[in-house]
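Worksheet: one structure, shown below.
The values are calculated or read from the model by the stated rules, or taken from the named source; none is laboratory data. Everything quoted here is computed from the prediction, not taken from an experiment. Keep in mind that these areas ignore ligands, DNA and RNA; they rest on the heavy atoms of the full protein, side chains included. Shrake-Rupley method; radii C 1.70, N 1.55, O 1.52, S 1.80 Å.
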Amino acid sequence: GGKMDSYLSVELGDCLGDAAQAYPMADPDYTTDALVYPIERKRGFAVEIPKYAETEEDDTPISAIRASRISFANLLTTGKTTDAEAVALLGEPVKEVFLDEDAAFDALLEPGRSLYYELEGNVLQLHFDEDALLSCVILRDAMPESLY
């Protein structure tokens, strides 16, 4: 299900407060619709909660897990895997979104394009930089509302 392999024992839907007890987190950054908490001792990892949740931050379920330094079974490796290789491996994405400088800044990503795949009830977002190299892997509990 909703976790990033064995890198992190945090799962989608875990309360932020519980995750923060397991992993000290830095102050959050903000995207257009989420709070993104970098995990201090796991370089390149962060968890997200919705910006406008109706619960206290600690009680809010994690809606996404990001990894900017990761290798899945040596098949998807940040800084190495190209978008063409990812599509050859996973097939055509259900959505594809191009991010210019402004959109990328708002998403805390590099300019480039994101491919979205539906995965066991979750959504896998693979983000590629302008050189078509994988720069961030984001596991989400749902497709971002902005894409509907």
*Taking 1 over the mean of 1/r across every pair of different Cα atoms in region 19-106, what Kirkwood radius in Å do you get?*
15.0
*Taking the alpha carbon gyration tensor of the chain, what are the square roots of 5 times its eigenvalues, largest first, to the nearest whole Å?*
24, 17, 15
*asked:* Counting just the Cα atoms, what span does region 81-129 cover along each of its three principal axes? Round to the nearest Å and put the largest first.
replied: 30, 23, 14
*Using a 1.4 Å probe and counting only protein heavy atoms, arrange Ser9, Ser135 so the residue with the most accessible area comes first.*
Ser9, Ser135
*asked:* If the reach is capped at under 17 angstrom between alpha carbons, list the aspartates and glutamates near Lys42, excluding any in the same chain fewer than eight residues apart.
replied: Asp5, Glu11, Asp18, Asp27, Asp29
